[in-house]
Amino acid sequence: MGKDETPEWESVDAEATASDTNLHDQSKDDSHRDLDNDPFGNEENKEVKYRTMKWWHCGMLMIAVNISLGILSLPSAVATLGIAPTAILIVFLSGISWYTGFVIGQFKLRHPHVHSMGDAGEILMGRVGREILGTGQLLLLIFLMSSHLLTFTILMNTLTMHGTCTTVFGVVGLIVCFLGALPRTMGKVYWMSVASFASIFIATVVTMVSIGVEADGTAHNDVVRETSFYKGFLAVTNIIFAYIAHATFFGFVSETEDPRTFPKSLAMLQIVDTVMYLVTAMVIYHYAGPDVKSPALSSAGPLMKKICYGLAIPTVIVSGVVEGHVACKYIYVRVFRGSDHMHQRSFLAIGSWVGIGLAVWTVAWIIAESIPVFNDLLSLISSLFGSMLCYAFPALFWLHMNRGQYFSTLSKGFLTFCNLSILAIAFGICGMGLYVSGRAINESSEGGSGGFDDEYWRG
């Protein structure tokens, strides 16, 4: 765009009303190369370059965020709901997540300057929307970071038989995660995501084999199980939260060489996580039966439980590191956007990145150590911001991009209906999630519990 033109994000209303007969045609223009609007600008001859990732790098990072130890809570969802409802929910939510992720990619192509949910919120609702969505994204990521720090302390306590103070393990986890998040570019974090996937894949396979070998063949499997709404929806949240990585997508696609390849990254994520979720949930439930524990590796026997926990340490750390990187990058880009500092190795540039990382990880550690009902509060935050950022707002993105054309063709009418349905589902998840989380917080407070016990492991 010319230098005298209005920046894209100040003219989105005019752009949105322009004729667009086929929004999903990715070959219409070269908007992915709009360096005037790109969050990292022109990187030619720069010291630090961000847009370096291939599509498979992006896909692996998405897998690292989505698939972590939370996958081993899915067998307990089967034990609560039954085989058929769980399988249907996994496939159904995978389909919705695939579509809403695709819409996020299309929204990024339409608005190249978008780097975070905050930027997208500004397009929808102005500066207020920017602050609401940006804060929501940051809050969700910080709480997820806290869950990984707390999970790390649980793993270490299990492996060492409480060999030292839990706070010491918490500090160790803080230091390790902080050091892992020091690289400023996603391209360098990618290599850690490979180790994360290998870790959870091996831990999951070992868990399945161990439980299968130790099974006595008497486990009873139910196709459908009767349960209360409260317990049933708590089980459903385990499945929902296995697909809430969307808050990181804008950050990932912003650091790819070509944003138009994002659908390949998304397909890589959805195929891998859906297959792993289905196989893990069904195989472990088949052998462990309705008494399967959460996480399922606790059902593998004392020795194998420790071995599986040890194998899972890399994924617990790296998944948190990737989420932390996105949280820190949101702040970093917002502070230095449009300046040369992001591309320099100066004291200010590096010192600011290190300072932001230290501050964000310290806040995550304080939350993990100080909130007595952390597990239930995490469920509350995830229900509120996870459902909105991952389902509701992508539907609103589509409605915004297609306003004035909702029923211009039969296909547009069908997609309009689909996106309105996704919006309704998101509000339903949010409302019911807030109810069960609020009830859990109340019961935990009355019972004097609320620690991060085995029933509340999040990815």
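Once the Cα atoms of helix 262-288 and of the chain are each reduced to a long axis, what angle between those two axes, in degrees from 0 to 90 to the nearest 10, is obtained?
Rounded to the nearest ten degrees, it is 10.
Taking the full set of protein chains and a 1.4 angstrom probe, give the accessible area of F201 in square angstrom, rounded to the nearest 10.
100
Determine the calculated [θ] at 222 nm for the chain from helices alone, applying -39500 (n - 2.57) to every DSSP H run no shorter than 4 residues and normalising by the residue count; nearest 500 deg cm²/dmol.
Result for the chain, helices only: -22500 deg cm²/dmol.
Which order do S228, S383 take when ranked by solvent-accessible area (1.4 Å probe, heavy atoms of all protein chains), largest first?
Accessible-area ranking of S228, S383, largest first: S228, S383.
For the pairs K46/K329; K231/K306; K46/K264, note any where the Cα-Cα span goes beyond 23 Å. It would help to have the intermediate numbers written out before the result.
Numbers: K46/K329 18 Å; K231/K306 29 Å; K46/K264 28 Å.
Flagged as over cut-off: K231/K306; K46/K264.
Can you tell me the orientation of helix 55-66 relative to the chain, as the angle in degrees between its alpha-carbon axis and the longest Cα principal axis, to the nearest 10?
With both axes taken from Cα atoms, the answer is about 40 degrees.
Rank-order 110-122, 320-332 by packing density, defined as the average count of other C-beta atoms within 10 Å over each peptide's residues, highest first.
320-332, 110-122
Working with all protein chains in place, sort I366, I71, I441 by solvent-accessible area computed with a 1.4 Å probe, largest first.
The ordering from most to least exposed comes out as I366, I441, I71.
Taking amide H atoms as placed 1.01 Å from N in the peptide plane, list the residues 5 or more away in sequence, or in a different chain, whose amide H sits under 5 Å from that of R225.
Sorted by chain and number, the residues that satisfy this are G82.
Between [x] 22.0, 75; [y] 24.2, 91; [z] 23.0, 72, which matches Rg and Dmax of the Cα atoms in Å calculated for the structure shown?
Given [x] 22.0, 75; [y] 24.2, 91; [z] 23.0, 72, the structure-derived one carries the label [x].
From the phi of every residue in the range 155-161, what ³J(HN,Hα) in whole Hz does the Karplus formula 6.51 cos²θ - 1.76 cosθ + 1.60 yield, where θ is phi - 60° and glycine or proline is x?
Working through the residues one at a time gives 4, 5, 4, 5, 5, 9, 6 Hz.
How large is ³J(HN,Hα) for each residue in the range 136-148, as worked out from phi by the Karplus curve 6.51 cos²θ - 1.76 cosθ + 1.60 (θ = phi - 60°), to whole Hz, x for Gly and Pro?
Karplus values, whole Hz, x for Gly and Pro: x, 4, 5, 5, 4, 5, 5, 5, 5, 4, 4, 5, 6.
Show me, for the range 112-126, the HN-Hα J-couplings you get by feeding each phi into the Karplus relation (A = 6.51, B = -1.76, C = 1.60, θ = phi - 60°), rounded to Hz, glycine and proline as x.
Values per residue, Gly and Pro as x: x, 6, 5, 10, 8, 4, x, 4, 5, x, 5, 5, 7, 9, x Hz.
Taking only protein heavy atoms and a 1.4 Å probe, what accessible area per residue, in Å², does the chain have with all protein chains in place?
Working: 18170 Å² over 459 residues.
With all protein chains present, the chain gives 40 Å² per residue.
The values are calculated or read from the model by the stated rules, or taken from the named source; none is laboratory data. Note that this is a predicted model, so its numbers are computed, not measured. Every residue, glycine among them, receives a Cβ derived from its backbone with ideal geometry; neighbour counts consider all protein chains shown. For accessibility, only protein heavy atoms count, side chains too; no ligands or nucleic acids. Shrake-Rupley method; radii C 1.70, N 1.55, O 1.52, S 1.80 Å.
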